[in-house]
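Asks: Take this structure, written in structure tokens, and hold onto it; I'll ask about it next.
The values are calculated or read from the model by the stated rules, or taken from the named source; none is laboratory data. Nothing here was measured: the structure is a model prediction, and the numbers come from that model. Glycine also receives a Cβ, built like all others from the backbone with ideal geometry; neighbour counts cover every protein chain displayed. Just so you know, the surface numbers come from the protein's heavy atoms only, side chains and all, with ligands and any DNA or RNA stripped out. Shrake-Rupley method; radii C 1.70, N 1.55, O 1.52, S 1.80 Å.
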Amino acid sequence: MYMEFICINDVTKQYKNGVTAIYDLNLKIKKGDFAFIIGGSGSGKSTLIKMLYREEKPTRGEIVVGGLNVAKLRNSKVYKIRRKLGIVFQDYRLLPKSNVYENVAFALEVIGAKKTEIRTKTLKALELVGLKGKVRDYPDQLSGGEQQRVAIARAIVNSPKLLLCDEPTGNLDPEMSMEIMRVLENINKTLGTTIIMATHDKEIVNKMKKRVIVLKEGRLINDYEKGKYDDEAIKND
Amino acid sequence: MKLLRMINFSLRDAFKSVFRNFSLSLASITCITITLVIVAVSLILSANVENFSKKIREDVTMVVYVNNGATTEQVETIRQQIASLDNIATLDFKSKDMVKQEMQSSDEFLNSIMSEWSAEENPLKDTFLVTVKDIEKIKTTVTSIRSLENVNLVDYGEEMIDKLITVFKVIEKVSIGAVIALVAVTIFLIINTIKLTIYSRKREISIMRLVGASNFTIKNPFVFEGIILGLLGSILPVLAIIFGYNSVYTHFDGKAISPLITLIKPTPFVYYLSAIIVLMGIVVGMIGSYRAVKRYLKV
């Protein structure tokens, strides 16, 4: 039905307090793409990410992810889209009382996976992010970069087709940020996972040379194929 | 299989949560324990009152006096007529001679007077001693018997019985009311405990939602947690019932206040009661947690 993996058609999002975060957005993202969404604060990056995993519903328009119309999903069916994608946040969102292994395995446990399956997939995911040696550590024993890698392992452990990242390097220094980017690029290449990453880290965007989608005040203003950070667009905020 | 795995996961999660938030769990377990103990005590009281009042009701005897001039056939007719009424449990005949003898043997002074009476002179009356099945319908029975031919008087200590019936009804109502109120309080407490656990686990719940747990999976551990709290809360009350009631029973030798009031035998009474208390803990825990989940877990 849809050629593209993600189709966003005429989407407008107005919050209950009257603020409109996204205006008439049209966007298509192919399977296996790696795309940055950039823009200043209030540009609508986070809202767009939230609508993709159906934390927010668009006021108008449709969002189709992997054949599933996310905009029409009822609250009780939200888990259907969540199982198709992984999400990574700026603040990692790990369980502080669970160790690295348990944190990653948790994502499989809650969807009722078999024990052996949980074990294989969890260890595989942890290997992919380079944390196989730290399975017994607790989040507070890890550096920020390591915690974010645990979060990435948890996001990909269910082999999702799409990985959404909302400022994943926002809390990290440049060195650790690059380490995270290498992990993400590796996932994108080896697993073919589509990655959409909202960021305002200029250095990263410039180095990666990926697709760059520029939002400003809720409107799509630029879409570069192998782009770099669009200073002009952001500056006027 | 998947369902079993999910239930296993929920159970483990629920146990973890009970022990991780131990101080919180302990608080609600204590509340449940106290409530269940009070419920148990009021159940014991009301069961014993019920038992005792049943005995008294069974013991209430009305005396039917037959007219002095009645022939033996007429007395027999009265016997048959009384026996044919619905509410009659037992029916015994006591002739005026038997009454006379009874009175003579009970008192020296009466004996000296009555011994001069011949059988014809005996002014006492033939009587029937009647007990009824349902004491609340005793008035109807009395009216029916009174209307019989040759019946002189029916006496059953009307005022005393009426008072007793009212008192028992009040006691029954009060204890039922107390139990209902306490159950409501317990449910309220459990709702609050689960609410607090939900708040303390908000992060975990949001992560569960992010990684695609279904509503069922998210809600289940909390419901199980309520059940576990209810179960743990019922341990002490059950022990208190079994050992407490047994020792009270032995101490008073099966009687309370006066030898008239007999207590219910501990076995199997305490086990039935324990089962009720455990069941109550579970049900109350489940209802409380389900309501909390429904109200505070917007999924």
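Asks: Restricting to chain A, what percent of DSSP beta bridges are antiparallel, rounded to 5? Walk me through the intermediate numbers first.
Replies: Working: 18 of 37 bridges.
Taking every DSSP beta bridge with both residues in chain A, the antiparallel ones total about 50 percent.
Asks: Using a Cα-Cα cut-off of under 23 Å, which lysines could be cross-linked to A:Lys207, ignoring same-chain neighbours fewer than 8 residues away?
Replies: Within the straight-line cut-off, A:Lys207 pairs with A:Lys30, A:Lys31, A:Lys45, A:Lys189, A:Lys216, A:Lys226, A:Lys228, A:Lys235.
Asks: What do you get for the angle between helix B:2-20 and the principal long axis of chain B? Use alpha-carbon atoms, 0 to 90 degrees, nearest ten.
Replies: Long axis of B:2-20 versus the principal axis of chain B: about 90 degrees.
Asks: Next question, about the same structure. Place a label point 7 angstrom from the Cα of A:Glu55 along the Cα-to-Cβ direction, then list the residues of region A:94-118 whose backbone nitrogen is under 18 Å away.
Replies: A:94-96, A:107
Asks: Loop only by DSSP, 14 or fewer other Cβ within 10 Å of the Cβ. Give me the GluC sites (Glu not before Pro) in region B:143-239 that pass, ordered by residue number.
Replies: Counting only loop positions with at most 14 other Cβ atoms within 10 Å, the GluC sites (Glu not before Pro) in region B:143-239 are B:Glu149.
Asks: Could you work out the longest stretch of chain B that avoids the trypsin sites (Lys or Arg not before Pro) located in DSSP loops with at most 15 other Cβ atoms within 10 Å?
Replies: On the way: sites that count: B:Lys133, B:Lys298.
Free of exposed loop sites, the longest segment is B:134-297.
Asks: Leaving out ligands, DNA and RNA, calculate the buried accessible area for the pair A and B with a 1.4 Å probe, summed over both sides, in Å² to the nearest 100.
Replies: So the total buried area for this chain pair works out to about 1900 Å².
Asks: Using DSSP loop states and a limit of at most 14 other Cβ atoms within 10 Å to flag trypsin sites (Lys or Arg not before Pro), what is the longest stretch of chain A containing no flagged site?
Replies: Longest stretch, sites excluded: A:137-208.
Asks: How far is helix B:22-59 tilted off the main Cα axis of chain B, in degrees rounded to 10, range 0 to 90?
Replies: 10
Asks: Same structure, new question: Given N residues in region B:144-232, what is Rg(Cα) / (2.2 N^0.38 Å)?
Replies: Normalised Rg, Cα atoms only: 2.33.
Asks: Still on this structure: For region B:39-101 and region A:8-50, compute the distance between their C-alpha centroids and round to whole Å.
Replies: Taking the Cα centre of each part, region B:39-101 and region A:8-50 sit 88 Å apart.
Asks: Can you list the GluC sites (Glu not before Pro) in region B:38-118 that are in a DSSP coil and have 16 or fewer other beta carbons within 10 angstrom?
Replies: Qualifying residues, ordered by number: B:Glu116.
Asks: Also, I was wondering about something else. Among B:Asn67, B:Ser25, B:Asn51, whose Cα projects farthest towards the positive end of the dipole of region B:16-71, with charges put on the beta-carbon of Lys, Arg (+1) and Asp, Glu (-1)?
Replies: Of B:Asn67, B:Ser25, B:Asn51, it is B:Ser25.
Asks: Let me ask you something else. What net charge is computed for the residues neighbouring A:Leu108, neighbours being all others with C-beta under 10 Å from the C-beta of A:Leu108, Lys and Arg scored +1, Asp and Glu -1? Don't skip to the end; give the middle numbers.
Replies: Details: positive: A:Lys114, A:Lys115, A:Arg119, A:Lys121, A:Arg154; negative: A:Glu109, A:Glu117.
Its environment carries a net charge of +3.
Asks: Still on this structure: Straight-line reach from A:Lys97: which aspartates and glutamates have Cα under 17 Å away, leaving out those fewer than 8 places along the same chain?
Replies: A:Glu109, A:Asp137, A:Asp140, A:Glu146, B:Asp13, B:Glu204
Asks: Under a cut-off of 14 Å between alpha-carbon atoms, report the aspartates and glutamates in cross-link reach of A:Lys209, not counting same-chain residues fewer than 8 places apart.
Replies: List returned: A:Asp33, A:Glu185, A:Asp201, A:Asp223, A:Glu225, A:Asp230.
Asks: Let me ask something else about it. Do any GluC sites (Glu not before Pro) in region A:124-225 lie in a DSSP loop with no more than 12 other beta carbon atoms within 10 Å, and if so, which?
Replies: On the way: sites: A:Glu127, A:Glu146, A:Glu175, A:Glu179, A:Glu185, A:Glu203, A:Glu217, A:Glu225; in loops: A:Glu217, A:Glu225.
In loop regions of region A:124-225 (DSSP not H, G, I, E or B), the sparsely surrounded GluC sites (Glu not before Pro) are A:Glu225.
Asks: What does the charge count around B:Lys16 come to, taking other residues whose C-beta lies under 14 Å from its C-beta (Lys +1, Arg +1, Asp -1, Glu -1)?
Replies: Neighbour charge sum, excluding B:Lys16 itself: -1.
Asks: May I ask you to derive the FRET efficiency for B:Leu279 and B:Ala184 from their Cβ-Cβ distance with R0 = 25 Å, giving the value to the nearest 0.05? Before the final figure, lay out the partial values.
Replies: Values: r = 17 Å, r/R0 = 0.68.
Approximately 0.90, to the nearest 0.05.
Asks: Thinking of region A:94-159 as a set of Cα atoms, what percent of all their pairs are more than 15 Å apart?
Replies: On the way: 846 of 2145 pairs.
Summing the P(r) tail past 15 Å for region A:94-159 gives 39 percent.
Asks: Going down the list B:Lys54/B:Lys169; A:Lys124/B:Lys219; A:Lys50/A:Lys114, which pairs span over 18 Å between their C-alpha atoms?
Replies: Values: B:Lys54/B:Lys169 12 Å; A:Lys124/B:Lys219 30 Å; A:Lys50/A:Lys114 30 Å.
Among B:Lys54/B:Lys169; A:Lys124/B:Lys219; A:Lys50/A:Lys114, the Cα-Cα distance tops 18 Å for A:Lys124/B:Lys219; A:Lys50/A:Lys114.
Asks: Which value at 222 nm does the protein assembly as shown reach when only helices count, each DSSP H run of 4 or more adding -39,500 (n - 2.57), with the total divided by all residues and rounded to the nearest 500 deg cm²/dmol?
Replies: Only helices count here, giving -18000 deg cm²/dmol.
Asks: State, to one decimal in nm, how far the label point of B:Ala119 lies from the label point of B:Tyr272, with both points 7 Å from Cα in the Cβ direction.
Replies: 5.1
Asks: Taking Cα atoms, how many degrees apart are the long axis of helix B:266-296 and the longest axis of chain B, rounded to 10 and kept between 0 and 90?
Replies: Tilt of helix B:266-296: around 40 degrees.
Asks: Would you check region B:61-155 for Lys pairs whose C-alpha atoms are within less than 22 Å, ignoring same-chain pairs closer than 8 in sequence, and give me the count? Write down the numbers at each step before the final one.
Replies: Numbers: B:Lys94/B:Lys125; B:Lys94/B:Lys133; B:Lys96/B:Lys125; B:Lys100/B:Lys125.
Lysine pair count for region B:61-155: 4.
Asks: Collect residues whose amide H, placed 1.01 Å from N in the peptide plane, falls under 5 Å from the amide H of A:Asp33; neighbours closer than 5 in sequence don't count.
Replies: A:Ile195
Asks: Of all DSSP beta bridges in the protein assembly as shown, what percent run antiparallel (nearest 5)?
Replies: Details: 34 of 53 bridges.
DSSP beta bridges in the protein assembly as shown are roughly 65 percent antiparallel.
Asks: Would you give the gap between the C-alpha center of region A:147-215 and the C-alpha center of region B:275-299, rounded to a whole Å?
Replies: The two parts, judged by their Cα centres, are 43 Å apart.
Asks: Let me ask something else about it. Around B:Val99, under 15 Å between beta carbons, what's the net of Lys plus Arg minus Asp minus Glu among the other residues?
Replies: -3
Asks: Let me know the Kirkwood hydrodynamic radius for region B:1-144, please, with Cα pairs as the basis and the value in Å to one decimal.
Replies: This gives a value of 21.5 Å.
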